[in-house]
Amino acid sequence: MERYDLTSAEWNIMECLWERAPQTGRELTEAMEKRIGWSRSTTLTLLRRMVGKGAVLCDTEGTKNTFSPAVRREDAALAEAETFLNRVYQGSLSMMVSAMTHRQAVSKEELDELYELLRQMGEGAK
């Protein structure tokens with residue numbers, strides 16, 4: 001799986017593009033100004049960086065540049081989760097779940113979801 005190592009700021013732009021794409025540079029700069037208060041130059045600088053990383057596609061045909069995500073949200077989220085798991089918990093999912101459940105209460109619904117996921121994983125491992 002390809003890794004893009006998106007920063008928090010870049011995630012903001014990706015969220016905007018995942019909601020609607022393609023978008024022009026003007027549309028994105030206006031959206032980021034409304035959402036976060038960024039200047040036009042901040043948004044355009046981040047877009048250039050993200051095109052360089054391969055996370056965003058830029059179509060330069062016509063009179064305006066249009067931008068689209070080069071990666072699906074699900075794939076970016078999975079890559080981010082794997083990076084986090086490896087960096088913080090040495091790749092141990094059980095260590096992460098243990099740490100998270102000791103720090104905050106887990107609802108019955110969340111426990112039921114976790115049990116169901118584990119059951120499905122167990123069936124797939126047979």
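Data overview
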quantity	calculated
Subset tally (residues that are of a type in the set (Asp, Glu), modelled with pLDDT of 90 or more and not in a strand (DSSP E or B)) for the stretch 54-79	2
Selection from the stretch 32-74 of residues that are small (Gly, Ala, Ser), surrounded by fewer than 15 Cβ atoms within 10 Å (Cβ to Cβ), free of Cβ contacts under 8 Å to residues at least 24 places away in the same chain and under 20 Å from TYR4 (Cα atoms)	GLY52
Residue match in the stretch 110-121 (condition: without any contact (Cβ under 8 Å) to a residue 60 or more places away in the chain, at positive phi and of a type outside the set (A, V, I, L, M))	no
Residue in the stretch 4-48 that is modelled with the lowest pLDDT, counting only those that are of a type in the set (Ser, Thr, Tyr), under 19 Å from the mean Cα position of the chain (by Cα) and not in a helix (DSSP H, G or I)	TYR4
Residue check, ALA99 in contact with a Phe, Trp or Tyr (Cβ under 9 Å, 6 or more places away or on another chain) and either closer than 30 Å to LEU46 by Cβ or in a helix (DSSP H, G or I) (or both)	yes
Boolean, MET100 is farther than 30 Å from MET50 by Cα, surrounded by 10 or more Cβ atoms within 10 Å (Cβ to Cβ) and under 21 Å from the mean Cα position of the chain (by Cα)	yes
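The values are calculated or read from the model by the stated rules, or taken from the named source; none is laboratory data. None of these values were measured; they are calculated from a predicted model. All Cβ positions, even for glycine, are placed from backbone atoms using ideal geometry, and neighbour counts span all protein chains on display.
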